[in-house]
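Reading through the structure tokens given below for one structure.
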Amino acid sequence: ARWTYDDNEDLMTELLRELHTIKGTSRMLGFLTLEKISHGLEDVLKATAERRTEFNDIILNITLLTLDMIDTCLMKIKTDENDDCPVDNFLKAYSSILKGGTFDRKHLQDEIDGISQKKSNVQEQENSVDDVQSIQTGKN
């Protein structure tokens, strides 16, 4: 059976409500990157709700990738106090989807992975500095 909006209307309504909340809260707090991607996905899902487009694998993939990027941006906010994440390709993907097109899934996943890898490298460096400081002060 094919997944349809009608069969999952409650789930989609809840997802749209959550995206709207993330969008508004992000704008209010000045996290404009997070606001942009939540707004972009909200527009795509609204098009599905309004029957301007069919929910399909393309929309499912962009939804999952966007949720991953939102999570990544939230972690960046927590650690760096900013949401400076590369989302231009996400915005282009939303635009393409709304015009009936597609997007490069791997490219978007690579952007998410790149941010995660940078955060991992920074954490490893911080741990190494802590280890050296512990050794120098005699604390293990």
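The values are calculated or read from the model by the stated rules, or taken from the named source; none is laboratory data. Here the structure is a predicted model, which means the values were calculated and not measured. Positions of Cβ are generated from backbone atoms using ideal geometry, with glycine treated the same way; all protein chains shown enter the neighbour counts. The protein model used for the area step is the full one, side chains on, heavy atoms only, and it has no ligands, DNA or RNA in it. Shrake-Rupley method; radii C 1.70, N 1.55, O 1.52, S 1.80 Å.
Below is a table of values for the structure above.
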{"read-out": "Per residue, in Å², the accessible surface of the range 57-116 once ligands and nucleic acids are set aside, probe 1.4 Å", "value": "54"}
{"read-out": "Other-chain or far-sequence residues with amide H under 5 Å of Thr53's (modelled H)", "value": "Thr48"}
{"read-out": "Inter-probe distance in nm under a simple model that places probes 7 Å from Cα toward Cβ, at His107 and Asp68", "value": "1.6"}
{"read-out": "Accessible-area composition of the range 49-119, carbon plus sulfur, in percent [1.4 Å probe]", "value": "51"}
{"read-out": "Extended-chain gain in nm, criterion 0.36 nm per residue less alpha-carbon gap, Met28 and Asp43", "value": "3.5 nm"}
